[in-house]
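The values are calculated or read from the model by the stated rules, or taken from the named source; none is laboratory data. Just so you know, these numbers come straight off a predicted model, no measurement behind them. Cβ atoms come from the backbone with ideal geometry, glycine included; neighbour counts cover every protein chain shown. Ligands, DNA and RNA are stripped out before the accessible areas are found, and what is left, the full protein with its side chains, is counted by its heavy atoms. Shrake-Rupley method; radii C 1.70, N 1.55, O 1.52, S 1.80 Å.
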Amino acid sequence: MSNVTVCARFRPLNSKEKRDNGDKICIRNLDSETFVFKDEKDEDFTFCFDRVFYQESQQADVYEFLALPIVQADAVNAINGTIITYGQTGAGKTYSMEGLGILECDGEQKGLLPRVVDGLFECLRSVDEITKYTVKLSMIFSLLRVKVLQYLLEILFLRDLFDLSKDNLQIKEGKLQGIFLYGVTESLVSSTWINLQIFHETLTYTEMNMASSRSHCAYIFTIQLETAKDRRVKTGKLILVDLAGSEKVEKSGAEGRVLEEAKTINKSLSALGNVINALTIGTPGKANHIPYRDSKLTRILQDSLGGSSRTALLCCCSPSTLNSSESLSTLRFGARHAIGLTSEAKHIRTSTRVSCIEDKVDKKQTMPSPIK
Ligand code: ADP
Ligand code: MG
């Protein structure tokens, strides 16, 4: 079974979409894994994911399916994990990741992050063999700066959200630690989400706003376990990434510096796509080559993406026909890894998936073409 789980989530229509476009939506759900998507030209595509969360889905459903198995693997066996939200700005990435109002989220609307913290400690407390554990958290976001000489040199910087003066964190690799960020602030997380709220309260609103739609935001948990059996300390890493908006640059009307920034975001997102692709179906002509080094984003995730690590990707979309072109590109980003619809994916996917699609699909419908 693949260690990569890919899900799609559609948020409810927002008031702008309803006002401008009524309740026209671009999806027709078939079941919990499959739906038909209608594009701008009225063409139908059928998509199949490990799980589809439709408009009425609850935060708890997303956590249980997507994150809980990763949390358990991490807490019990120190197996690294990564949970990623992907999609255009406004599609529900931060809502899925953090929930509604990060400081007041103790109800149903709690997102993955607070649930992961609670889940981690619940698991850690329930495993008898573990005698001691510590959980540390680092929060970083990508900061875009353009350095133009003859060429565009370097534009993705990494900033410490706990100490904003550290705005150019370097990625290092150690024999014991694996990949790490040199000098990043690591805060001890105690047993509840409340503790994490305090960290957030130390950040001003403006600082949080800096982690805007043009930044990737990563929450890095380091979990150290000491087992009763041999007193060896095992370390697991769990990274939650709320990615920058994936919308196309041309459409946003960006110019100059903003345009260059947006291009870099798109570059790091496609580097991530290539890594996930290589992990699930391999890189054509380059067996076992996973292109982690192509961006800082993939480099940070290197040892919690691939190998025995567990990865979950949540593709967030608007269901409105107004946004169908961006939603289609988000779904394709995930679908080429999740299902056997594209030619390169077909041969590695089990026939059950493909036949499950064929059973449900009207023969006239076309399949999405592979992403270039
Ligand atoms: P993104 O982080 O992808 O830019 P947000 O998560 O900020 O988008 O979502 C945009 C708006 O839509 C926010 O006001 C958010 O509360 C709302 N929203 C997103 N997903 C849902 C959902 N599943 N249920 C209810 N509201 C949602
Ligand atoms: Mg967001």
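Listing for the model above:
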{"item": "Answer residue from the stretch 131-155, given it is of a type in the set (S, T, N, Q) and open to solvent by 20 Å² or more (accessible area, probe 1.4 Å) and is modelled with the lowest pLDDT among those", "result": "Gln150"}
{"item": "In the stretch 67-102, the residues that are surrounded by 24 or more Cβ atoms within 10 Å (Cβ to Cβ) and assigned to a strand (DSSP E or B)", "result": "Gly81, Thr82, Ile83, Ile84, Thr85, Tyr86"}
{"item": "Qualifying residues in the stretch 195-253 (those that are part of a helix (DSSP H, G or I) and of a type in the set (Val, Ile, Thr)) - the one modelled with the lowest pLDDT", "result": "Thr206"}
{"item": "Filter result (at pLDDT below 95 and over 12 Å from the mean Cα position of the chain (by Cα)) within the stretch 82-97", "result": "Gln88, Thr89, Gly90, Tyr95"}
{"item": "Residues (within 16 Å of ligand 1 (Cβ to nearest atom), open to solvent by less than 60 Å² (accessible area, probe 1.4 Å) and of a type outside the set (Lys, Arg)) located in the stretch 1-13", "result": "Cys7, Ala8, Phe10, Leu13"}
{"item": "Glu33 being open to solvent by 70 Å² or more (accessible area, probe 1.4 Å) and more than 16 Å from ligand 2 (Cβ to nearest atom)", "result": "no"}
{"item": "Candidate set from the stretch 111-130 (those that are open to solvent by 30 Å² or more (accessible area, probe 1.4 Å) and either modelled with pLDDT of 85 or more or assigned to a helix (DSSP H, G or I) (or both)); member that is nearest to ligand 2 (Cβ to nearest atom)", "result": "Arg115"}
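Okay, residues lined up against (1) within 14 Å of ligand 1 (Cβ to nearest atom); (2) without any contact (Cβ under 8 Å) to a residue 24 or more places away in the chain; (3) in contact with a strand residue (DSSP E or B) (Cβ under 8 Å, 6 or more places away or on another chain):
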site	(1), (2), (3)
Gly92	yes, no, yes
Met97	yes, no, yes
Gly107	yes, yes, no
Leu113	yes, no, yes
Val116	no, no, yes
Gly119	no, no, no
Glu129	no, no, yes
Tyr133	no, no, yes
Phe141	yes, no, yes
